[in-house]
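Taken together, the values in this text are just the output of simple stated rules run on the coordinates, not laboratory data. The structure presented is a predicted model; accordingly, all values stated were derived computationally and were not measured. For neighbour counting, all protein chains shown are included, and Cβ atoms are generated from backbone atoms with ideal geometry for every residue, glycine included.
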Amino acid sequence: MNNEKIDFKSYDIMYAYKDSSPQKLTYFINDNPDPGYNNMILEDSKTGVIYKLVKLKQNMSPSERDQIHVELMIENENAVRKIPFELKDIAVVEK
């Protein structure tokens, strides 16, 4: 187990999902299913929730961050569907 601290503020976007069979979820950030560099994936073995932390660009400005486009693709044996959604209404609360 690694006890290094993670600087969450250094990542441009973070999302969490629970991978469940028979559906597969794929997130597209700016039309890319695997964007960024120096990304980190964390998995909570108790809940099965996977957290993905993504660095899209060095020194990304707030206006560039506001332009991030995210789509979710849900895939199962019957269909594949992309569902766009906005990040505008998400609030980050620090405790």
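Observations
- Formal net charge of residues neighbouring TYR17 (Cβ-Cβ distance under 14 Å; K, R +1; D, E -1): -2
- VAL54 sits among other residues whose Cβ lies under 12 Å from its own Cβ, and their net charge, with Lys and Arg +1 and Asp and Glu -1, is +2.
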